[in-house]
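The values are calculated or read from the model by the stated rules, or taken from the named source; none is laboratory data. Everything numeric here is computed off the predicted structure, so don't read it as measured data. Backbone-built Cβ (ideal geometry, glycine too); neighbour counts: all protein chains shown.
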Amino acid sequence: MPDTDGPISYFTEDTSVETVLARMGEPENARLAEVMRSVIAHLHAVVKEVEPTYGEWMAAIRFLTETGQMCDAKRQEYILLSDVLGVSMLVDAINTRRPSGATENTVLGPFHVEGAPDLAMGDTISQDGQGEPLVVRGRVVDGDGTPVQGAVIDTWQTSHDGFYDVQQPEQPENNLRGIFRTGADGRFSYRSVKPSFYPIPDDGPVGQLLHGLGRGNIRPAHLHYIVSAPGFETVTTHIFVHDDPYLDSDAVFGVKQSLIREFVRHDDPDRAAEFGVANPFWTVETDFVLTPAA
Ligand code: BEZ
Ligand code: FE
């Protein structure tokens, strides 16, 4: 029992957690009560450790207020906060524990758009042709290496200079987005351009927090994927460019060793013609290994 100087229903520094928790009655929602018991205990522990001044506590309140005020239909500053604190990756890790060898998940991010164009094998997702050509090839397989036919691969990425179409009105709608389906051999291939590293938004409270902590706001270059197939767990993931200078400092902690791929540069006009791209060009290969749905 904590050291009390009165009934537990009166608040003291020592009994703060117990006093607050004791006010909870028979919960209508048992899970909510469980979560809030933990939140209250941890929050009080932080306050006891940090001992904020009134000014510091008001700065925290102001930060949370401004984070909420920054949110609208297009901007979700709280998700960005969760991303930069590593919480999005932690929730993702807890919810996508998979056997070794299965493709790992990583953050979805805010730039996925429903309803990207359905494209045929080998098509390009670059509608403006800007950037260095890239050929992406791979297979979707199960844990035994058996090809998964009819898997749906939804992909999106930045332009060569690091902007998603939705961030830049001059890009055509759905530039660098597409949906592909694997054939009977589980294979897929498409053409694109090599993506660039890019900054996550830093014009709001989360950007101020990052800069205040001496942290960067850059994500290393990557291609996004959501891979789904009937009977399998959907994988939300990226692949990263192996020599990107920001692999070790991703602002949202999305990099996993298993998701880094070698992007190979080719200077070979004949092969470029075979792939239907300009020379020189890049290739990358990646397989997605799916696990059965729970
Ligand atoms: C992205 O990769 O698109 C992204 C992920 C988290 C925060 C911002 C952007
Ligand atoms: Fe991204």
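Observations on the model:
- Pick from segment 207-231, criterion part of a helix (DSSP H, G or I) and surrounded by 15 or more Cβ atoms within 10 Å (Cβ to Cβ), ranking: farthest from ligand 2 (Cβ to nearest atom): Leu209
- Residue within segment 246-258 that is over 25 Å from Leu85 (Cα atoms) and either touching a residue at least 40 places away in the same chain (Cβ under 8 Å) or within 16 Å of ligand 1 (Cβ to nearest atom) (or both) present: no
- The residues in segment 191-206 that are in contact with a Ser or Thr (Cβ under 8 Å, 6 or more places away or on another chain), within 15 Å of ligand 2 (Cβ to nearest atom) and in a loop (DSSP other than H, G, I, E, B) can be counted, and the count is 2.
- Criterion (more than 16 Å from ligand 1 (Cβ to nearest atom), within 20 Å of the chain's Cα centre (by Cα) and surrounded by 19 or more Cβ atoms within 10 Å (Cβ to Cβ)) met by exactly one of Ile200, Ile153: Ile153
- Leading residue by the ranking (farthest from Asp144 (Cα to Cα)) among those in segment 168-190 that are outside any loop (DSSP other than H, G, I, E, B) and within 20 Å of the chain's Cα centre (by Cα): Arg177
- The criterion of being touching a strand residue (DSSP E or B) at 6+ places or on another chain (Cβ under 8 Å) and either in the same structural domain as His112 (by TED's automatic domain parsing) or surrounded by fewer than 20 Cβ atoms within 10 Å (Cβ to Cβ) (or both) holds for Ala184.
- Leading residue by the ranking (nearest to ligand 2 (Cβ to nearest atom)) among those in segment 109-149 that are modelled with pLDDT under 95 and among the hydrophobic types (A, V, I, L, M, F, W, C): Phe111
- Evaluation of Ile79 against (1) within 16 Å of ligand 2 (Cβ to nearest atom); (2) part of a loop (DSSP other than H, G, I, E, B); (3) closer than 27 Å to Gln168 by Cα (one fails), failing number: (2)
- In segment 39-62 there is no residue matching the filter, namely being on the phi > 0 side of the Ramachandran plot and touching a residue at least 40 places away in the same chain (Cβ under 8 Å).
- Candidates Pro230, Pro220, Pro199, Pro169: the one that is in the same structural domain as Val255 (by TED's automatic domain parsing) and touching a residue at least 60 places away in the same chain (Cβ under 8 Å) is Pro230.
- Failed item, numbered, when Thr67 is tested on (1) in contact with a Phe, Trp or Tyr (Cβ under 7 Å, 6 or more places away or on another chain); (2) assigned by TED's automatic domain parsing to the domain that holds Phe163: (2)
- Yes/no for Thr158 being surrounded by 15 or more Cβ atoms within 10 Å (Cβ to Cβ), polar (S, T, N, Q) and within 29 Å of Pro230 (Cα to Cα): yes
- Number of the condition not met by Leu90 [criteria: (1) free of Cβ contacts under 8 Å to residues at least 12 places away in the same chain; (2) over 23 Å from Glu233 (Cβ atoms)]: (2)
- Test: Ser159 is among the polar types (S, T, N, Q), in a loop (DSSP other than H, G, I, E, B), in the same structural domain as Thr103 (by TED's automatic domain parsing) and within 15 Å of ligand 2 (Cβ to nearest atom): yes
- Taking the numbered list (1) free of Cβ contacts under 8 Å to residues at least 12 places away in the same chain; (2) touching a Leu at 6+ places or on another chain (Cβ under 8 Å) in turn, Asp144 passes all entries but (2).
- Within segment 162-181, being more than 15 Å from Gly115 (Cβ to Cβ), surrounded by 16 or more Cβ atoms within 10 Å (Cβ to Cβ) and away from ligand 2 (no atom under 14 Å from the Cβ) holds for Gln171, Arg181.
- All positions within segment 238-249 that are surrounded by fewer than 24 Cβ atoms within 10 Å (Cβ to Cβ) and within 16 Å of Met89 (Cα to Cα): Leu247, Asp248, Ser249
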